[in-house]
Amino acid sequence: MEELNGVTIYWLVSIGLLVGFVIDLVMMKRGISLTGNVFWGAVGSVIIGVSMISLNVFGPLVYAALGSVAFLFLINVFSFDQEHKDSAQAK
């Protein structure tokens, strides 16, 4: 089982940064910015990874990556919806 130490935190942050970058490439200038995707990807990965390590789940880094993707999806969908409402009100 994984233990919570500096190396694990490094990998959680790295996974989150990579996931944030890939999500930004997929969204193609919609949703939040690159900086927001990378930051919230790292935050989501650390939160989910630490939660999985605390619960003694096997493969917490995999769950952190999948959870970070889901977390960023929700953030981007709701920010895109707000952006859509703002442009509709301007017309």
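Criterion applied to G36, G49 was being modelled with pLDDT of 95 or more, within 13 Å of the chain's Cα centre (by Cα) and among the small types (G, A, S), and the one residue passing it is G49. Among the residues of this structure, S14 does not count as one that is hydroxyl-bearing (S, T, Y), assigned to a helix (DSSP H, G or I) and under 14 Å from V69 (Cβ atoms). Could you say whether any residue in region 73-80 is assigned to a helix (DSSP H, G or I), touching a helix residue (DSSP H, G or I) at 6+ places or on another chain (Cβ under 7 Å) and either at pLDDT below 95 or among the hydroxyl-bearing types (S, T, Y) (or both)? Yes, there is a match, as at least one residue in region 73-80 is assigned to a helix (DSSP H, G or I), touching a helix residue (DSSP H, G or I) at 6+ places or on another chain (Cβ under 7 Å) and either at pLDDT below 95 or among the hydroxyl-bearing types (S, T, Y) (or both). Restricting the first member to region 32-61 and to residues that are at positive phi, and the second to residues that are at pLDDT below 95, the beta-carbon pairs closer than 7 Å and six or more apart or on different chains are N56/M1. Of the residues in region 13-29, how many are among the aliphatic types (A, V, I, L, M) and more than 19 Å from L74 (Cβ to Cβ)? Qualifying residue count, region 13-29: 1. Annotation: of all residues in region 43-78 being polar (S, T, N, Q) and crowded, with 16+ Cβ neighbours inside 10 Å, the one that is nearest to D24 (Cα to Cα) is N76. The test for being surrounded by 20 or more Cβ atoms within 10 Å (Cβ to Cβ) and part of a helix (DSSP H, G or I) holds for W40.
The values are calculated or read from the model by the stated rules, or taken from the named source; none is laboratory data. The shown structure was predicted, so the numbers you read here are calculated from the model rather than taken from an experiment. Methodologically, a virtual Cβ is constructed for each residue, glycine included, from the backbone with ideal geometry; neighbour enumeration extends over all protein chains shown.
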